[in-house]
Amino acid sequence: MRMLAPQMPQPLFRDRHDAGRRLAAALVRFAAEQPVVVGLPRGGVPVAYEVARELHAPLDVLVVRKLGAPLQREYAIGALAEDGVALVDERAVRALGITETELRETAEHEAHELERRVHAFRGGRNPVDVRGRTVLLVDDGIATGSTAIAAAEALRRRGAGRVVLAVPVAPPDTAGRLEGVFDDMELLHEPPQFFAVGPWYEHFDQTSDAEVQELLRAGVDGDEPAEPSERAARHNGGLDWSRLAQSAVTIPAGALRLAGDLRSPPEPLGLVVFAHGSGSSRLSPRNVQVATALGSCGFATLLFDLLDERESANRHNVFDIELLTARLVAATAWAATQESLRALPLGYFGASTGAAAALSAAAELGQRVRAVVSRGGRPDLAGRRLEAVTAPTLLIVGGNDWNVLTLNEEASTRLRCPHELAVVPHATHLFEEPGALEHVTELAADWFAAHLPRAAHRDAA
């Protein structure tokens, strides 16, 4: 029997700023209380900025990290927040058979990322004083609510008088589930067919660290936020890397010369080399979108053609993992000869059959590769090399990509390195659903941010 994909909802908002302005109109009733507006990063900050501007209120951020189940990051088993808040769903932990060691390792990983974001977003600035104040806790939407609950606990530890949850969209049972956690709630829309936040926005691009920083500065100083190009320039010391630091390169691979595109911010955190699959090229729009998002987070990226035009015409070459692996190893060797790249910690991002090549190359190169991300990948095609991979590996699969999901679940049982399986709900193989590819980019950016800079620090030591 053929299964039909669920009908996608009609978006409610143009983007997060539009949602913020509409949410602000509903929150005017709190203006007389002179509230503090606190956004949950990253996507909640643009919404919170519009609320704070309309209510002439102070704007701040509170960093929270979801604790995802090992091998299934999208299933929340708790959350961490600033000020040492750690909430764990003990029933979920027992039901999934998660060991104390697995729970501790998951918490340590998320605590590291939480600390990084606190430093990135707030730097040395102290949080806004919320003692005795009404706090409007704002996000771009609610799914399980675990991070919002952790944030509320952190705000109460700071002495907040009242904590009000304010979001543009949430599941219809949110008020009942969170009753008693918040003093009040403003849930602008509660659509009955809710299954994720992203589909309710026309534009749900990943919010970068740089955008969060810019909006917080604007909220504190009372300025208008910069346009995206200006924001990128400020973040990178005056250089808009997306326009100025892109170069066409040629990568030697035996007798061939393969075309590539290299982008790099002035002080990159690491280098991510892309391995496309299924006969696509360095111009794959999905990989370009992911690379652009990684660039906004401070990573250099290299997209290159694994096959030349003649080879691409032969469908067999698309599945020749040994050939694709050799090309990826050649690109890695080329990067090691470039003065601006050779010292950077290295990661791979592979899609489809390119993911098998990325894992095979990581197994061959060992400690030279510090992190791997697979998008809709075929890790099974890496064969016996899976067991030899040492780099922390993230497998991202669409929830409705059933065959590939099964292959990734089986592959995850064979990996011996630190690894996770992240399932993007309701997404199909190409992640074409609204918000799906943006979800992929955020997962990938978080993974590389957690592992590549840390690898650089180990090397320096």
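Test R104 against the stated conditions and say whether it is modelled with pLDDT under 90 and closer than 29 Å to Y201 by Cβ.
Numbers: modelled with pLDDT under 90: yes; closer than 29 Å to Y201 by Cβ: no.
When the stated conditions are applied, R104 does not pass them.
Being at pLDDT below 85 and acidic (D, E) is the requirement here; does E110 meet it?
Working: at pLDDT below 85: no; acidic (D, E): yes.
Answer is no for this residue.
Yes or no, residue by residue, for (1) assigned to a strand (DSSP E or B); (2) at pLDDT below 75; (3) farther than 30 Å from P425 by Cα:
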| position | (1), (2), (3) |
| --- | --- |
| E214 | no, no, yes |
| R217 | no, no, yes |
| L239 | no, yes, yes |
| V249 | yes, no, yes |
| P266 | no, no, yes |
| S281 | no, yes, no |
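Against the numbered list (1) farther than 14 Å from V212 by Cβ; (2) under 18 Å from the mean Cα position of the chain (by Cα); (3) part of a helix (DSSP H, G or I), A79 comes up short only at (3). Selection over the stretch 284-308 of residues that are in contact (Cβ under 8 Å) with a residue 40 or more places away in the chain and surrounded by fewer than 18 Cβ atoms within 10 Å (Cβ to Cβ) gives a count of 3. Pairs are defined by a Cβ separation below 8 Å, a sequence spacing of at least 6 or placement on different chains, a first member in the stretch 99-119 that is outside the structural domain of P41 (by TED's automatic domain parsing), and a second member that is among the β-branched types (V, I, T); no pair meets this definition.
Among all residues of the stretch 309-317, there is none that is buried (at least 24 other Cβ atoms within 10 Å of the Cβ) and either among the hydrophobic types (A, V, I, L, M, F, W, C) or more than 21 Å from A291 (Cβ to Cβ) (or both).
Residues checked against (1) out of contact with any His (no Cβ under 6 Å at 6 or more places or on another chain); (2) surrounded by 21 or more Cβ atoms within 10 Å (Cβ to Cβ); (3) assigned to a helix (DSSP H, G or I):
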{"site": "G124", "(1), (2), (3)": "yes, no, no"}
{"site": "A166", "(1), (2), (3)": "yes, yes, no"}
{"site": "P172", "(1), (2), (3)": "yes, no, no"}
{"site": "A175", "(1), (2), (3)": "yes, no, yes"}
{"site": "L188", "(1), (2), (3)": "yes, no, no"}
{"site": "E211", "(1), (2), (3)": "yes, yes, yes"}
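Does the stretch 98-151 hold any residues that are more than 22 Å from the chain's Cα centre (by Cα) and among the small types (G, A, S), and which are they? Give the steps one after another, and end with the answer.
Our first condition is that a residue be more than 22 Å from the chain's Cα centre (by Cα); within the stretch 98-151, this holds for 98-101, 124-136.
Of everything in the stretch 98-151, those that are more than 22 Å from the chain's Cα centre (by Cα) and among the small types (G, A, S) turn out to be G124, G132.
Only one entry in V329, V372 is buried (at least 24 other Cβ atoms within 10 Å of the Cβ), touching a helix residue (DSSP H, G or I) at 6+ places or on another chain (Cβ under 9 Å) and closer than 14 Å to V273 by Cα, namely V372. Taken over the stretch 117-127, the residue count meeting the criterion of being touching a helix residue (DSSP H, G or I) at 6+ places or on another chain (Cβ under 7 Å) and modelled with pLDDT of 85 or more is 1.
For the stretch 55-73, which residues satisfy the criterion of being assigned to a strand (DSSP E or B) and either polar (S, T, N, Q) or within 15 Å of H109 (Cα to Cα) (or both)? Explain how you work it out, then say what you get.
Here is the first cut: in the stretch 55-73, the ones assigned to a strand (DSSP E or B) are 59-61, 64-69, 72-73.
The answer is V64, R65, K66, L67, G68, A69, Q72, R73.
The values are calculated or read from the model by the stated rules, or taken from the named source; none is laboratory data. Not measured: the values here are computed from a predicted model. Neighbour counts run over all protein chains shown; Cβ positions are idealised from the backbone, glycine included.
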